[in-house]
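Nothing in this text is a laboratory measurement; each read-out follows from the coordinates by a stated rule. What you see is a predicted model, and the numbers here were worked out from it, not measured in a lab. Because the Cβ atoms are built from the backbone with ideal geometry, glycine has one as well, and the counts that use them run over all protein chains shown.
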């Protein structure tokens, strides 16, 4: 670290001498999932507002309407000449109900769910219940919503999403963004998936019955927004992260711990009278887990002319090594590599483009953006225990929580003190970056391609 001010040293000292960040994470997790439309979401909103106001932080709220979804019962049964058994399963978010009826038919395996894999069995898919695993595909990693869209396009009757990680964990996640999907979708464990595949191998035809009951009301939610005025007040850096989790878990890593981090930054800034170079606008985003809905509505509605950059914290805590993605922006990538020696410890820095988190709507407005998350030691695990019931606070150590908070503090300070911010992108530059990364077709499937 170079030229760390006395205030910065005192803040760092406080971070490592206290256990406050870990307790803040547990506070948020013990409320429940903070899933959109639940009582725990409202409790989290009230908690943040009370916390920030207790430290005399000016805080505001941004309310909006979205397509809600409330989980109901789900049954999943397999029948063959050798077995007739119901297996645990859950509906995926924004998947439709079966309207009181049981959907029945042959279940088949579609592997990773890429277009390449599904084309090989395309004649077998229409009208079938299609199993797709959450692991890598023959085309590389694909988001769950892409796999769902592919399954719909190939004519599947039900999307059966299987975890590729062991542990009897049922994956969840949204199938569309701010709208109800076309076909029912259920999540099953890796163990159930492997068993069904083996039965299919031996018997060729296996019958499956699915019954799902969900509710789909229109709901409202809100972002919680606060600012730390800077020396340059009319240049704003947005620091964001989503506070909602999935209703089956605490959502500790994804993303309670990141919210605890930005709340702690607010407390420390006020406690030590920290004045940033540029104004910091913190946003705790709602309804991210429904397909990055909340931040998309926000960026399409508010004036962002004073925003010079956006830093998104999604999964910041949970793994001590950090990964900073620069969204394909060459200038930003170069600047981050120059900034590396000022960070608390060396992160991985890449040009990766994160399109399924709250930085992406800012990117679509041409705003230079970064997504920071903890880097898993083995990328093959994908989300790991994320989006399952195992995403709980006990997966986070006190050391990880403190190091992640300290990393975020030092990074935001160093980023903010850069003499020149990366320039905004024109629409043609945004399109070029996405096309060069071969993301156009995927983003169209995700309904995240707003260009003509």
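Expressed as an acute angle from 0 to 90° and rounded to the nearest 10, what is the orientation of the C-alpha long axis of helix 330-339 relative to the principal long axis of the chain?
Orientation of helix 330-339: about 60 degrees from the principal axis.
Among 25-37, 269-281, how do they line up by average Cβ neighbours within 10 Å per residue, starting with the highest?
Values: 25-37: 22.5, 269-281: 16.8.
Averaged packing, sorted descending, gives the order 25-37, 269-281.
So how far apart, in nm, are the two label points at residue 207 and residue 195 if each is 7 Å from Cα heading toward Cβ?
1.9
By DSSP, what percent of the beta bridges with both residues in the chain are antiparallel, rounded to the nearest 5?
50
What is the angle, in °, between the Cα long axis of helix 257-271 and the longest principal axis of the Cα atoms in the chain? Nearest 10 is fine, range 0 to 90.
10
Could you check the simple spin-label distance between residue 447 and residue 340, using points 7 Å along Cα→Cβ, in nm with one decimal?
Reported label-point gap for residue 447 and residue 340 is 4.1 nm.
Which of rounded, prolate or oblate describes segment 271-394 when judged by the alpha-carbon gyration tensor and an a/c cut-off of 1.5? Can you show the working numbers first?
Working: a/c = 1.43, a/b = 1.13, b/c = 1.27.
Since a/c stays below 1.5, the shape of segment 271-394 is classed as rounded.
Arranged from highest to lowest average of other beta-carbon atoms within 10 Å per residue, in what order do the peptides 173-185, 215-227 appear?
Values: 173-185: 21.8, 215-227: 17.2.
Ranking the peptides 173-185, 215-227 by packing returns 173-185, 215-227.
Report Rg(Cα)/(2.2 N^0.38 Å) for segment 171-265, keeping two decimals.
Values: Rg = 21.3 Å, N = 95, 2.2 N^0.38 = 12.4 Å.
My calculation over the Cα atoms of segment 171-265 gives 1.71.
Which FRET efficiency value, to the nearest 0.05, is calculated for residue 320 and residue 380 with the Förster distance at 25 angstrom and r the Cβ-Cβ distance?
Details: r = 19 Å, r/R0 = 0.77.
It comes out at approximately 0.85.
Report, in deg cm²/dmol and to the nearest 500, the calculated mean residue ellipticity at 222 nm for the chain, where each DSSP H run with n ≥ 4 adds -39500 (n - 2.57) and the sum is divided by the residue count. Each step should come with its number before you reach the end.
Details: 13 runs with 142 residues, N = 452.
It lands at -9500 deg cm²/dmol.
Specify whether the C-alpha gyration tensor of segment 263-340 places it in the rounded, prolate or oblate class, a ≥ b ≥ c being the square roots of the eigenvalues: rounded for a/c under 1.5, otherwise prolate if a/b is larger than b/c and oblate if not. All intermediate terms of the calculation are to be shown ahead of the outcome.
Details: a/c = 1.25, a/b = 1.06, b/c = 1.17.
Rounded, because the longest to shortest axis ratio a/c is under 1.5.
Please work out whether the chain counts as rounded, prolate or oblate from its C-alpha gyration tensor, where a ≥ b ≥ c are the square roots of the eigenvalues and a/c under 1.5 means rounded, while otherwise a/b larger than b/c means prolate and anything else oblate? Before the final figure, lay out the partial values.
Values: a/c = 1.98, a/b = 1.74, b/c = 1.14.
Here the chain falls in the prolate category.
Using a basic spin-label model with each label point 7 Å from the Cα along Cα→Cβ, how many nm lie between residue 394 and residue 436?
Distance between the two pseudo-spin positions: 4.7 nm.
When DSSP assigns beta bridges and you keep just the ones with both residues in segment 74-212, what percent turn out antiparallel, to the nearest 5?
Values: 17 of 30 bridges.
Antiparallel: roughly 55 percent of the beta bridges in segment 74-212.
For a Förster distance of 41 Å, can you work out the FRET efficiency between the beta-carbons of residue 86 and residue 153, rounded to the nearest 0.05? Intermediate results must be reported in sequence, preceding the final value.
Details: r = 30 Å, r/R0 = 0.72.
So the FRET efficiency works out to roughly 0.90.
In terms of the ratio Rg/(2.2 N^0.38 Å) built on C-alpha atoms, what value belongs to segment 74-212?
Numbers: Rg = 13.5 Å, N = 139, 2.2 N^0.38 = 14.3 Å.
Normalised Rg, Cα atoms only: 0.94.
Compute the length gained on full extension between residue 19 and residue 235: take 0.36 nm times their separation in residues and subtract their Cα-Cα distance, giving the result in nm to one decimal. Display every interim value, and only then the final one.
On the way: separation 216, 0.36 × 216 = 77.76 nm, distance 3.31 nm.
Length gained, residue 19 through residue 235: 74.5 nm.
Want the number for residue 10 to residue 124: 0.36 nm per residue separation, take away the alpha-carbon distance, what's left? Please list the in-between numbers first.
Numbers: separation 114, 0.36 × 114 = 41.04 nm, distance 6.45 nm.
Going from the current span to full extension adds 34.6 nm.
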